[in-house]
Every structure is written in C-alpha cells, then in structure tokens.
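The values are calculated or read from the model by the stated rules, or taken from the named source; none is laboratory data. Just so we're clear, the structure is a prediction, and the values are computed from it rather than from any experiment. Using ideal geometry, Cβ is built from the backbone for each residue, glycine included, and neighbour counts are taken over all protein chains shown.
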Amino acid sequence: MFDIRPPHTPKTGADPDAGSGPDILELRSWLRANPDVIAGDPDLLARVHEHLTESGVVDLGAHARRKLEAELARARATNAALVALAKANLAAQAQTHAAILAVLEADSLTTLDRKLAGRAAGALSVDMIRVFIEGADPLPGGQAIRACSPDLTDALLGKRAERLGPLDERFAGALYGDQARGLRSEALVRMELARQPAVLCLAARDARAFTPDQGADLLHVFARVLERRITPWLTG
C-alpha cells in the first residue's frame with residue numbers, strides 16, 4: 001500500500017512562507033510527489049490561483065477556466081433536458097400504441113365503447129375518454145361514445161383543431177357529468193365521423209396531464225384511428 005496521507009502540517013497560525021523547518025519541507029516534498037491532490041480538487045485549485053493573482057495581475061487562464069466551467073454546466077443541463085424529453089416522448093408513444101391496439105381489437109361499436117372507457121383510458125393514463133358525435137346517436141346509453149347537440153365541436157374548439165389545458169368549467173358538466181368535479185385538465189381534438197362533426201375528449205384529475213405547451217401529434221393519430229374504426233359502423 002502506498003501512503004498518500006499528507007505529512008504533519010504546521011500548526012494553525014504559522015506562516016508557511018516564513019520558515020523552512022522540517023514540517024514545511026516535508027509538506028512541499030509530499031505535494032510535489034502527489035500533484036493530483038491539488039489538480040483533482042477544483043475548489044482548492046481555484047484558491048491557489050486566487051492567492052497567486054492577489055497582486056493585481058489579471059489571470060486570463062482562471063477567467064477562461066471559469067467560462068469553460070459555466071459552458072460545461074449549461075451543456076450538461078441541456079443534455080439532461082434532452083434526455084428527459086426523449087424519455088417522455090417514448091413513454092407517450094408507448095401509451096398511444098397501447099390505446100390504439102385496444103381500439104383495433106374491438107369487433108363492434110359496443111366493444112369499442114367499453115374499451116375506450118376502460119383499457120384505452122388506462123393506457124393513456126387519463127380518467128375519462130369521450131367521443132361526441134353531432135346529430136347522431138349510434139349507441140344509446142354508451143359510456144364513451146355519445147351523441148351531442150349540433151355545433152358543440154365549434155363551441156368547444158372554435159376554429160382550432162385541438163385544445164389542451166385546464167378543464168373548461170363552462171362545458172365540464174355537459175361533457176363529463178358528475179365525474180367532472182374531480183377533473184383538472186383535458187385535451188379536445190376535432191374529428192369527423194361519417195361526415196358529421198365530432199370531438200374526442202380526454203380528461204384527467206392531474207392538472208399537469210394536459211398543458212397548452214404540449215404537442216398534440218399523438219392525440220391526432222389516436223383520433224384518426226378512431227375515425228377509421230367508428231365510421232364503418234355508422235355507415236354500415
């Protein structure tokens with residue numbers, strides 16, 4: 001075993017530059033033999049540089065080092081944010097794929113209604129999924145697929161294709177019934193079913209589940225899959 005412990009140092013208050021006693025010489029010799037002790041300690045190395053530049057001489061090397069350290073910290077933060085975003089995107093894709101598989105497995109409109117209310121909602125980590133169709137009631141008493149009054153889609157979305165964000169209290173009761181009380185956020189996506197306006201509604205108790213700054217690409221994919229599955233049952 002190599003002994004890398006520093007030798008006995010002078011007592012506190014002693015001037016390290018004043019003497020050349022055996023303790024100081026021994027310490028200097030030990031530091032020369034173990035330069036990594038200082039080089040591997042950024043705080044200690046910075047203190048040494050500060051001591052060397054106290055005479056008023058501008059240390060361009062120290063300034064450059066601090067600048068590089070700041071840039072490195074920013075690069076690491078950016079990289080961590082990108083990694084977190086990539087993981088979140090992969091998780092969202094996996095959730096959407098699971099919900100789409102549930103939709104594709106349905107062999108009737110009644111089965112699809114049950115899957116939207118159960119398995120698909122669970123896959124997307126939402127508390128409720130509703131599909132409202134204007135001017136049609138293909139499944140009276142359905143849990144997820146329901147009829148609605150004309151112009152509801154425009155009332156909810158205006159001219160937009162989607163809206164993500166806090167629950168709109170003006171329509172919450174009409175869309176989600178008694179369960180609206182516990183819901184905090186929602187995503188609405190415009191649809192067209194058998195040439196009739198429709199809207200896909202997803203709602204969650206988590207206020208952060210849907211926010212205005214989120215992308216809606218995967219929601220539109222899910223809506224287009226629903227259009228292709230539901231339309232044949234409406235026109236058949």
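Overview of values
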| read-out | value |
| --- | --- |
| Filter result (surrounded by fewer than 16 Cβ atoms within 10 Å (Cβ to Cβ) and either touching a Ser or Thr at 6+ places or on another chain (Cβ under 7 Å) or closer than 21 Å to residue 147 by Cα (or both)) within the range 197-207 | 206, 207 |
| Residue in the range 152-166 that is more than 24 Å from residue 209 (Cα to Cα) and touching a Leu at 6+ places or on another chain (Cβ under 8 Å) present | no |
| Answer residue from the range 171-186, given it is in contact with a Leu (Cβ under 8 Å, 6 or more places away or on another chain), of a type outside the set (Ser, Thr, Tyr) and closer than 12 Å to residue 127 by Cα and is surrounded by the fewest Cβ atoms within 10 Å (Cβ to Cβ) among those | 184 |
| Within the range 96-120, considering residues that are polar (S, T, N, Q) and touching a residue at least 40 places away in the same chain (Cβ under 8 Å), the one nearest to residue 132 (Cα to Cα) | 108 |
| Residue check, residue 114 outside the structural domain of residue 45 (by TED's automatic domain parsing) and more than 30 Å from residue 236 (Cβ to Cβ) | no |
| Of residues in the range 140-170 being buried (at least 18 other Cβ atoms within 10 Å of the Cβ) and of a type in the set (Gly, Ala, Ser), the one modelled with the lowest pLDDT | 142 |
| In the range 116-153, the residues that are aliphatic (A, V, I, L, M) and in a loop (DSSP other than H, G, I, E, B) | 124, 126, 136, 139, 144 |
| For residue 92: the one exception among (1) touching a Leu at 6+ places or on another chain (Cβ under 6 Å); (2) closer than 22 Å to residue 198 by Cα; (3) of a type outside the set (S, T, N, Q) | (2) |
| Residue in the range 193-204 that is β-branched (Val, Ile, Thr), farther than 21 Å from residue 125 by Cβ and more than 23 Å from the chain's Cα centre (by Cα) present | no |
